[in-house]
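**Student:** Okay, here's the structure, questions in a sec.
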Amino acid sequence: MTAAVLAVANPISGLQHMVGHAFIRHGLIAGTAIAATAGVIGYFLVLRSQVFTADALSHVAFTGGLVALTIGLDARAGLFVATIGVALLLGTIGPRGRADDVTIGSTFAWILGVGVLALSIFTTGHSTGHGTAGVNILFGSIYGLDASATRAAALVAAAVLALALLISRPLLFASLDEAVAAARGVPVRILGFVFLTLVGATAAEATQAVGALLILGLLAGPAGIAMRVTSRPHRAMALSTAIAVGAVWGGLGLSYAAPKLPPSFSILTLITIAYLGTVGVGASIRRGQRLGAAVDPRP
């Protein structure tokens, strides 16, 4: 009996069968930790209009991982060093810890070029068996995480979340009104550097779940949905986290039931459907409000 048939015939047995595999448990634990972090960090990325920074760091993750593999190091070392290092560099170049679009775009192009060079060197200098590592960095390999990598993902996510929640109030103030926050003594520039460090660490971890090419969807998608649903910051932050975690769980379930669907594709598909749903519902509400105003008999 296939996983899909078992899940339909008996959902409880299907779920038990699914979590009976070690690679599924590792994916669920690591994916939950990564998604929770992405939900919180992604909210501030959208709020601070720094989504383009996350897009650039996704390509930095690709390059860092491949450079590490090329020189014989663990890909995770390259992921963290590159993403956090470039994030801090962007903060140094930009005013108050934020780089402008020109700076980010220039860095984006240069880093991507280095990544293409590293990919070429790696694929020509290593065996075919090792050549799949580049594909895993690009598209994620959440089913390939072992117990050690799962623990590392959970610990990094816990540290990022703890620090993000610790600075959430001043960061929220600085994000909503930077000038007033600076005038009130909030260390806006330092907060910018700390936040970029958290973004870099989150991008490095998220690469293992959805890959460098799709990080942006996990970071920006749930936050975009949450901010369409509510304007209250803490509620939106919590909702963004819940959506990201739900998408990871649902995506892993879909890819297990239909093995031809890659987990990263399933996760991002669910986020996209949810985002389009909020756009459609919002448009319907606005249309209904306009029609109501048009037929309102009151003077």
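**Student:** Could you please let me know if THR37 is at pLDDT below 75 and assigned to a helix (DSSP H, G or I)? Please lay out each step first, then the result.
**Tutor:** On the way: at pLDDT below 75: no; assigned to a helix (DSSP H, G or I): yes.
No; evaluated as a whole, the condition is false for this residue.
**Student:** To continue, here is another question. Tally the residues that are within 20 Å of LEU219 (Cβ to Cβ) and either surrounded by 15 or more Cβ atoms within 10 Å (Cβ to Cβ) or hydroxyl-bearing (Ser, Thr, Tyr) (or both), restricting the search to segment 140-164.
**Tutor:** Summing the residues that are within 20 Å of LEU219 (Cβ to Cβ) and either surrounded by 15 or more Cβ atoms within 10 Å (Cβ to Cβ) or hydroxyl-bearing (Ser, Thr, Tyr) (or both) in segment 140-164 gives 13.
**Student:** Only one of these is buried (at least 19 other Cβ atoms within 10 Å of the Cβ), part of a helix (DSSP H, G or I), of a type in the set (A, V, I, L, M) and at pLDDT 90 or above: ILE273, ILE243. Name it. Break it down stepwise before answering.
**Tutor:** Working: ILE273 fails: buried (at least 19 other Cβ atoms within 10 Å of the Cβ).
Only one candidate passes the filter, namely ILE243.
**Student:** Also: Looking only at segment 246-267, which residues are buried (at least 19 other Cβ atoms within 10 Å of the Cβ) and either over 21 Å from SER141 (Cα atoms) or of a type in the set (Gly, Ala, Ser) (or both)?
**Tutor:** Those that are buried (at least 19 other Cβ atoms within 10 Å of the Cβ) and either over 21 Å from SER141 (Cα atoms) or of a type in the set (Gly, Ala, Ser) (or both): ALA247, GLY251, GLY253, SER255, SER264, SER266.
**Student:** Now for a different question. Give me a count of the residues in segment 192-231 that are crowded, with 22+ Cβ neighbours inside 10 Å and either over 20 Å from the mean Cα position of the chain (by Cα) or aromatic (Phe, Trp, Tyr) (or both).
**Tutor:** Of the residues in that region, 1 qualify.
**Student:** Another question about this same structure. In segment 40-51, how many are assigned to a loop (DSSP other than H, G, I, E, B) and either at pLDDT 90 or above or within 12 Å of LEU172 (Cα to Cα) (or both)? First the steps, then the outcome.
**Tutor:** Applying the first criterion (assigned to a loop (DSSP other than H, G, I, E, B)) to segment 40-51 yields 48-50.
Adding the requirement that they be either at pLDDT 90 or above or within 12 Å of LEU172 (Cα to Cα) (or both) leaves 48.
Residues in segment 40-51 being assigned to a loop (DSSP other than H, G, I, E, B) and either at pLDDT 90 or above or within 12 Å of LEU172 (Cα to Cα) (or both): 1 in total.
**Student:** It is to be established whether one or more residues within segment 221-231 are free of Cβ contacts under 8 Å to residues at least 40 places away in the same chain and among the β-branched types (Val, Ile, Thr). Steps first, please.
**Tutor:** Filtering segment 221-231 down to residues free of Cβ contacts under 8 Å to residues at least 40 places away in the same chain leaves 230-231.
Narrowing further to those that are among the β-branched types (Val, Ile, Thr): 230.
Yes - at least one qualifying residue is present in segment 221-231.
**Student:** Scan LEU88, LEU117 and give me the residue that is in a helix (DSSP H, G or I), modelled with pLDDT of 75 or more and closer than 22 Å to ALA206 by Cα.
**Tutor:** From the options LEU88, LEU117, the qualifying one is LEU88.
**Student:** Now for a different question. Among residues belonging to segment 123-176 that are modelled with pLDDT of 75 or more, more than 18 Å from the chain's Cα centre (by Cα) and not in a helix (DSSP H, G or I), point out the one that is nearest to ILE267 (Cα to Cα).
**Tutor:** Going through the qualifying residues, I end up with ASP146.
**Student:** In addition: Could you please let me know if ALA82 is assigned to a helix (DSSP H, G or I) and at pLDDT 85 or above? Please lay out each step first, then the result.
**Tutor:** Details: assigned to a helix (DSSP H, G or I): yes; at pLDDT 85 or above: yes.
Yes.
**Student:** Looking at THR107, is it polar (S, T, N, Q) and modelled with pLDDT of 80 or more?
**Tutor:** Details: polar (S, T, N, Q): yes; modelled with pLDDT of 80 or more: no.
Here the answer is no, as THR107 does not meet what is asked.
**Student:** Please enumerate the residues belonging to segment 237-257 that are more than 13 Å from THR37 (Cα to Cα), among the hydrophobic types (A, V, I, L, M, F, W, C) and in contact with a helix residue (DSSP H, G or I) (Cβ under 6 Å, 6 or more places away or on another chain).
**Tutor:** ALA247, LEU252, LEU254, ALA257
The values are calculated or read from the model by the stated rules, or taken from the named source; none is laboratory data. Only a predicted model underlies this, so the values are computations on that prediction, with no experimental measurement involved. All Cβ positions, even for glycine, are placed from backbone atoms using ideal geometry, and neighbour counts span all protein chains on display.
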